[in-house]
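A short write-up of the structure that comes next.
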Amino acid sequence: MAEMVQDVSEADKRHLVELVKELRRSNAVLRAETDMYERYISRLDPRDLVPQPLSDSLGAAAASQLEIGGGRGRKIKTRTMALEQLQRLTLEQKCDMAQRELDETREDLEKLKESSERVLHNYKATLEEADIRLVEVKKASYEFDRDVAKVLREKRGVMMGAEKVIRYFEDRMRAKDTLVEKLRLKNAALHVQKRKLQLQLRQKEEMGEALHEVDFQQLKIENSQYLKRIDERNQDILRLKLLAGNTLQVLNSYKKKLQSMTCESKLLSSDIASRKEMLVKIEEETLQAEEERAKAETLNRKLRGQLADFRVPHVLQYITAKASHSQLEQSVRAWERKVKISEMALKTHTKTWNKLKKAAGAGPVTAR
């Protein structure tokens, strides 16, 4: 029994929690609807909020009910019900109010967007002006440091006159005055152009050729379309830039490969040239070897022919020729010794004769 009571209490708690959540959601919806009605009423003209007479506000049915009802209590009850019916809004009125509030909200958003864009544009212009001023200040500081401060740092012992500094600032002031005059003339030209454009716009308005709100809306739509196209083109440009970067990397890699292949081709060309020269030398040596081979072959055939025609003599003839050869050699050696002895004797007799001739007073005799 206690478990059943506990289960029932848990189910009741969950049901109450769901009811509370549903009430909160409905209250939030009613609060939003009430806020919308309050904003709608705050935008209305106070003269439109004046209550109308009862005879005008009540319909034919409500008037008949007031006339037919018998008794004072029935008349009050009928009047209260009629007023409650008049105070309730129909679905069309609610939709009309919601549509008006939506239009007003869109207009507020557009105005807020335009004001935000103006503020953002002003901030951007201020930042750009600050950047320009910063660049000008840096440039002026660099020029002052280059023209004046650097000279002071390099020539510490030399006293620099104030005329140079004054002349520098006078030149800067004259340059600023010239720039101000140029900007003034440009501003005057822009004012003249502005007056001309205003005059043209006034003439167009008088002639009925001025732009209306619909034209501006059309221009906004076209501008948004062109901006979308510009974004697409920018995306295409970024994609093409990435593709160009990748292509450039591939091209650089191929250039490196081409350079290495060119070096290798030069090495191979030199190797081929050296091989060709070697081949020419080998061919020349081959021709020379062929000629020598032909000569050797001719000599070999000649020697073979001589060898084929050679006849060996008899042994006794060989021994006899050998013995006679040895005897002739011995006789040649004997004669050579006799000739040497005779030459020595001639020299001795020639010396003796010369001595005698010298002693006798005559000239010496030369031995033959």
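Take the conditions of a type outside the set (A, V, I, L, M) and surrounded by 10 or more Cβ atoms within 10 Å (Cβ to Cβ) and apply them to Arg301. Does it pass? Don't jump to the end; show me each part of the working.
Details: of a type outside the set (A, V, I, L, M): yes; surrounded by 10 or more Cβ atoms within 10 Å (Cβ to Cβ): yes.
For Arg301, the condition - of a type outside the set (A, V, I, L, M) and surrounded by 10 or more Cβ atoms within 10 Å (Cβ to Cβ) - is met.
Any idea which of Ser141, Ser115 is under 30 Å from Arg39 (Cβ atoms), open to solvent by less than 90 Å² (accessible area, probe 1.4 Å), at pLDDT 80 or above and part of a helix (DSSP H, G or I)?
Ser115
Here's the yes/no breakdown for (1) open to solvent by 100 Å² or more (accessible area, probe 1.4 Å); (2) of a type in the set (A, V, I, L, M); (3) modelled with pLDDT of 90 or more:
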site: Ala289; (1), (2), (3): no, yes, yes
site: Glu292; (1), (2), (3): yes, no, yes
site: His314; (1), (2), (3): yes, no, no
site: Gln317; (1), (2), (3): yes, no, no
site: Lys340; (1), (2), (3): yes, no, yes
site: Thr352; (1), (2), (3): no, no, yes
site: Ala359; (1), (2), (3): no, yes, no
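If you go through the stretch 262-277 one residue at a time, do you hit one that is out of contact with any Gly (no Cβ under 9 Å at 6 or more places or on another chain) and exposed (fewer than 10 other Cβ atoms within 10 Å of the Cβ)? Spell out the reasoning first.
Within the stretch 262-277, the subset out of contact with any Gly (no Cβ under 9 Å at 6 or more places or on another chain) is 262-277.
Now drop any that are not exposed (fewer than 10 other Cβ atoms within 10 Å of the Cβ), which leaves none.
No; the residues of the stretch 262-277 include none that is out of contact with any Gly (no Cβ under 9 Å at 6 or more places or on another chain) and exposed (fewer than 10 other Cβ atoms within 10 Å of the Cβ).
Using the structure shown, decide if Ala308 is exposed (fewer than 10 other Cβ atoms within 10 Å of the Cβ) and in a helix (DSSP H, G or I).
yes
Among the residues of the stretch 211-233, are any under 30 Å from Glu110 (Cα atoms) and hydroxyl-bearing (Ser, Thr, Tyr)? Don't jump to the end; show me each part of the working.
From the stretch 211-233, those under 30 Å from Glu110 (Cα atoms) are 211-233; that's our starting set.
Those left that are additionally hydroxyl-bearing (Ser, Thr, Tyr): 224, 226.
Taking every residue of the stretch 211-233 in turn, at least one turns out to be under 30 Å from Glu110 (Cα atoms) and hydroxyl-bearing (Ser, Thr, Tyr).
The values are calculated or read from the model by the stated rules, or taken from the named source; none is laboratory data. Keep in mind that this is a model prediction, so the values were computed, not measured. Neighbour counts are summed over all protein chains in view; Cβ atoms, including those assigned to glycine, are modelled from backbone coordinates with ideal geometry. Side chains included, ligands, DNA and RNA excluded: accessible areas come from the protein's heavy atoms. Shrake-Rupley method; radii C 1.70, N 1.55, O 1.52, S 1.80 Å.
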